[in-house]
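Structure first, commentary second.
Bear in mind that the values in this text are calculations on the coordinates, not laboratory data. Since the model is a prediction, treat every value here as computed from it, not as a measurement. All Cβ positions, even for glycine, are placed from backbone atoms using ideal geometry, and neighbour counts span all protein chains on display.
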Amino acid sequence: MKLIVIPCSWCKLWSHQIQNESFSLNEEDRFEDHIGDLRPSVLLGRKKYQNMLKDKSVPALDRYNGILYKTDSSLRARLSEAIRQAAVQVVILSGGYGAVTASQRIRWYNQPFEFDHWLQHKLPEALVRFAEGLKPDSITGLFKSPSEAPGTSRCSMQRAEAFLHVLNRMIAISSNSRVRS
């Protein structure tokens, strides 16, 4: 199995804009169900943003709609099928949730990723725990270099650096795993 770690996007779809959800409710696999005793810390971190949540819950893979999520019209269908076949697991780093799986149902929010907040709530350790339980053959982080993005703001550069820092913390999970970013 491969583990793919990707950032959330500022652009999000409202539930009425999603015609077919990638995952049914009974296919939901929640990040926090795989991190053992770190679960309370991550859930506590999410409480800070509870008042910002809007709309009904939909799978995270369907909610986000930034450039990465729109690069290929069949991306969602291909990823969801690979997840169902247990060939891939996708973790999305999220400003409002910390980290979620692609099938995890989330609500609409407008919150940049605050690395210091998630560091305080043990997100890097939770990601490592998640990866330890998964025992992936490889870990891939799909992050665009801030210097390559036209009109990149200082905020998005800090966000990209934070995402890369979290990915680097995951390197130690297994000597057999290869990590690419």
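The slack between Asp37 and Lys2, meaning 0.36 nm per residue of separation minus the straight C-alpha distance, is 10.2 nm. Rounded to the nearest 20, the size of the Cβ-charge dipole of segment 49-136 about its Cα centre is 300 debye, with Lys and Arg at +1 and Asp and Glu at -1. Between Leu13 and Lys48, residue separation times 0.36 nm minus the direct Cα-Cα distance comes to 10.4 nm. Rounded to the nearest angstrom and listed largest first, the equivalent-ellipsoid semi-axes of segment 1-119 from its Cα gyration tensor are 21, 17, 13. From most to least packed by mean Cβ count within 10 Å, the peptides 99-105, 124-130, 52-58, 7-13 give 99-105, 124-130, 7-13, 52-58.
Counting only Cα atoms, segment 45-102 measures 34, 22, 18 Å along its principal axes, largest extent leading. Annotation for Glu81 and Gln120: the two label points, set 7 Å from Cα along the Cα-Cβ direction, are 4.5 nm apart. With 29 Å as the limit, the listed pairs Lys2/Lys48; Lys56/Lys135; Lys56/Lys122; Lys2/Lys54; Lys54/Lys135 have Lys2/Lys48; Lys56/Lys135; Lys2/Lys54; Lys54/Lys135 beyond it between alpha carbons.
Annotation: peptides 109-119, 41-51, ranked by per-residue average of other Cβ atoms within 10 Å with the highest first, follow the order 109-119, 41-51.
Using 0.36 nm per residue and subtracting the Cα-Cα separation, the extra length available between Gln111 and Ile67 on full extension is 14.1 nm. Placing unit charges on each Cβ (+1 for Lys and Arg, -1 for Asp and Glu) gives segment 43-139 a dipole about its Cα centre, and among Ser57, Phe113, Gly95 the Cα reaching farthest toward its positive end belongs to Ser57.
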